[in-house]
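All remarks here apply to the structure that follows.
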Amino acid sequence: MEMETLKDLFIDQLEDIYYAENQIVDALPKMIEAASSSELKEAFEKHLDETKGQIERLEKVFDILDLEPEKKKCEAIEGIIDEGEELIEMKDEIDPDVLDAGLIASAQRVEHYEIAVYGTIRRFAKRIGEEEAADLLTQNLDQEYDADQKLTRIAEDTVNKEAAE
């Protein structure tokens, strides 16, 4: 794909986050299974459902642009997910509370990546006059902020305290 306009860059980034969200849908069930905190499991389950909805909104954005949804491999999200999976592979050697703290850290890396991408492409959408797309992307961005804040609360209120004992 040629990258000559802001719209080209917008589409490139849209394909990137579409790939990333699909990878996250594959990774979250492993995190749910590995987590020992019921509150953390519940947060991951909720975010899995939200992520599926985010994918649907991304597909609507592609539709608004009159494009077929395409995924562009995202090395960044692959690396972040790989680090989380390494932690999960060590779960038999790690205290469950420490594992939960690590899972939160890994999940927040994902959330921060998504926040960065959604914030950027939402601005791109507005700049190129795609207000409906921007509104859909704002919904995804808001969910990512909420998920990050919920993970922070779980970490601060229980998981990190238990992991430190």
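A few remarks follow.
- Projecting the Cα atoms of ALA147, ASN22, LEU6 onto the charge dipole of the chain (Cβ charges, centred on the Cα centre) puts LEU6 farthest toward the positive pole.
- Under 27 Å from LYS30, Cα to Cα: lysines that are on another chain or at least 8 residues apart: LYS41, LYS46, LYS52, LYS71, LYS72, LYS73, LYS91, LYS150, LYS161
- Distance from the range 104-163 to the range 39-98 (C-alpha centre basis), Å: 12
- Label-zone membership for the range 9-51, site LYS72, 7 angstrom Cα→C-beta point, backbone N under 15 Å: 9-21
- Accessible area (Å², per residue) of the range 1-141, counting only protein heavy atoms and a probe of 1.4 Å: 51
- Cβ-placed point charges (K, R +1; D, E -1), dipole of the chain about Cα centre in debye, nearest 20: 480
- Whole-percent carbon and sulfur share, accessible surface of the chain, 1.4 Å: 45
- Options LEU136, GLY119, THR158, ranked by Cα towards positive dipole end of the range 107-165, top entry (Cβ charges): GLY119
- Segments 75-88, 15-28 sorted - mean Cβ within 10 Å per residue, highest first: 15-28, 75-88
- Normalised by the number of residues in the range 78-146, the average gap of Cα pairs under 8 Å and 6 or more apart makes the relative contact order 28 percent.
- At 0.890 mPa s and 25 °C, Stokes D of the chain from Kirkwood alpha-carbon radius, µm² per second: 149
- The chain - mean residue ellipticity at 222 nm from DSSP helices (-39,500 (n - 2.57) per run, n ≥ 4, rounded to 500): -28000 deg cm²/dmol
The values are calculated or read from the model by the stated rules, or taken from the named source; none is laboratory data. Values in this document were obtained by computation on a predicted structure and should not be read as measured data. Neighbour counts run over all protein chains shown; Cβ positions are idealised from the backbone, glycine included. Calculation scope for accessible area: heavy atoms of the full protein, side chains included, ligands and nucleic acids excluded. Shrake-Rupley method; radii C 1.70, N 1.55, O 1.52, S 1.80 Å.
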